[in-house]
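A short write-up of the structure that comes next.
The values are calculated or read from the model by the stated rules, or taken from the named source; none is laboratory data. Here the structure is a predicted model, which means the values were calculated and not measured. So basically every Cβ, Gly included, is an ideal-geometry build from the backbone, and we count neighbours across all protein chains shown. Surface accessibility is based on the protein's heavy atoms, side chains included, excluding ligands, DNA and RNA. Shrake-Rupley method; radii C 1.70, N 1.55, O 1.52, S 1.80 Å.
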Amino acid sequence: MFTNVEHIGIAVRNLAVSNELFTRLFNQLPYRQEEVESEGVVTSFFKINETKVELLEATRPDCPIAGFIEKRGEGVHHIAFEVDDIEAEMARLREEGFRLLSEVPKRGADNKWVCFLHPKDTQGVLIELCQEIRP
Ligand SMILES: CC[C@H](C(=O)O)C(=O)SCCNC(=O)CCNC(=O)[C@H](O)C(C)(C)COP(=O)(O)OP(=O)(O)OC[C@H]1O[C@@H](n2cnc3c(N)ncnc32)[C@H](O)[C@@H]1OP(=O)(O)O
Ligand SMILES: [Co+2]
């Protein structure tokens, strides 16, 4: 089951510059900065009540964020939804005909299991599923 919007992902060219801008915008510092090697990104997170904003800078040229920025420039990259059981949701969405961009959940940022759906199946919006990694 989808439970809430977990974060909005924004692709940025320079994390330090964008951190400073969003710190002024939100009047708060990011609560976390984390590299996700597998995705070729370094991220920083801001939390506004229960919703987070994830800024993403590419750490290598051959990664989704670099490709996105090259093609479209900086901007909203994806919407992440928290789900209560990511494997069950992946199986359900596969049944529903959505293309999953990974066979199994991947380790994402902010202590989450993640999976993405192809944006062509969701009206041009890249959707990420997230589930907290439980101890
Ligand atoms: C996991 C760490 C962190 C977290 O929250 O934990 C993250 O969020 S990491 C975020 C970065 N990682 C990903 O986005 C992984 C999933 N993305 C992909 O696998 C690719 O980016 C993919 C498949 C969406 C597109 O890759 P492709 O090589 O096919 O690039 P194209 O430019 O050829 O795109 C094909 C088609 O899709 C459109 N597109 C691409 N990106 C997006 C997007 N973010 N939102 C909407 N649409 C997107 C692109 O425009 C092309 O459409 P077309 O009409 O042909 O131009
Ligand atoms: Co994300």
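For residue 17, the accessible surface of its heavy atoms amounts to roughly 90 Å² (probe 1.4 Å, protein chains only, rounded to the nearest 10).
The mean sequence distance of close C-alpha pairs (under 8 Å, at least 6 residues apart), as a share of the length of the chain, puts its relative contact order at 26 percent.
Rolling a 1.4 Å probe across the protein heavy atoms gives the chain an accessible surface of 57 Å² per residue. Based on DSSP H segments of at least four residues, each scored -39500 (n - 2.57), the chain has a per-residue ellipticity at 222 nm of -7000 deg cm²/dmol.
Spatially close Lys pairs in the chain, defined by Cα atoms under 23 Å apart and a spacing of eight or more places or different chains, total 6.
The rule of thumb for compact globular proteins, 2.2 N^0.38 Å, goes into the C-alpha radius of gyration of the chain 1.02 times. What residues of segment 1-44 lie in the reach of a label at residue 92, counting those whose backbone N is under 12 Å from a point 7 Å from the Cα along Cα→Cβ? The answer is 1-4.
Taking 0.36 nm per residue of separation and subtracting the Cα-Cα distance, what length does fully extending residue 1 through residue 37 add?
Details: separation 36, 0.36 × 36 = 12.96 nm, distance 2.85 nm.
Contour length minus Cα-Cα distance gives 10.1 nm.
The share of accessible area on segment 2-132 that comes from carbon and sulfur is 52 percent, using a 1.4 angstrom probe.
Sort 61-73, 108-120, 81-93 for me by packing, meaning the mean count of neighbouring Cβ atoms within 10 Å per residue, highest on top. Write out the running numbers ahead of the final one.
Working: 61-73: 14.0, 108-120: 18.5, 81-93: 16.1.
Answer by packing, highest mean first, reads 108-120, 81-93, 61-73.
Taking the longest Cα principal axis of the chain as reference, the axis of helix 86-95 is set at about 60 degrees.
Around residue 74, with a cut-off of 15 angstrom between Cβ atoms, what is the net charge of the other residues, counting Lys and Arg +1 and Asp and Glu -1?
Working: positive: 13, 71, 72; negative: 20, 54, 57, 70.
Taking every Cβ under 15 Å from that of residue 74, the sum is -1.
Against the chain, whose longest principal axis is taken from its Cα atoms, helix 15-26 shows a tilt of about 90°.
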